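Remarks on the structure that follows.
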Amino acid sequence: MRKADGTRQIFDRKKIVATCLRMGATDDVAEEVAKRVESRVYDGMETGEILRMIFRVLGRYKPEARYHIDLRRSLGLLRSKPDFEIFVQVLLSENGYDVEPNRILRGRCVEHEVDAIAKRDGRHTLWR
């Protein structure tokens, strides 16, 4: 198989099973999906194509699985403003940060637009 970064990797059936289990499949369904996917994998196949195949095959058993997409692709679908900014603000907030969104800070010479100021444990982090 070929990963997104171009490196090659040996096919690992256990990863297919683990992916299916994370998506809520039973052990039996995960094994069946892995068997079907493994029978179609060829040398040099891209991992993204394998993931799409998993979604299709698992969708026969769990229809909602057809609509799952991987994190990298879903983040790529977000607009930089405001969707991604809001996503990061919510992510920080859910991880225990106090978040002040969209601030203008006065610098030494100019003003700076900051997408968020995250505070936790007495430390401030700026995200632009």
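Find the residue count for the stretch 1-46, including only residues that are in contact with a helix residue (DSSP H, G or I) (Cβ under 9 Å, 6 or more places away or on another chain), farther than 18 Å from residue 72 by Cβ and hydroxyl-bearing (Ser, Thr, Tyr).
Matching residues across the stretch 1-46 total 1.
Quickly run through the stretch 2-48 and pick out the residues that are at positive phi and not assigned by TED's automatic domain parsing to the domain that holds residue 63.
Correct list: 6 only.
The values are calculated or read from the model by the stated rules, or taken from the named source; none is laboratory data. This structure is a prediction, so every number in the text was calculated from the model and none was measured. Backbone-built Cβ (ideal geometry, glycine too); neighbour counts: all protein chains shown.
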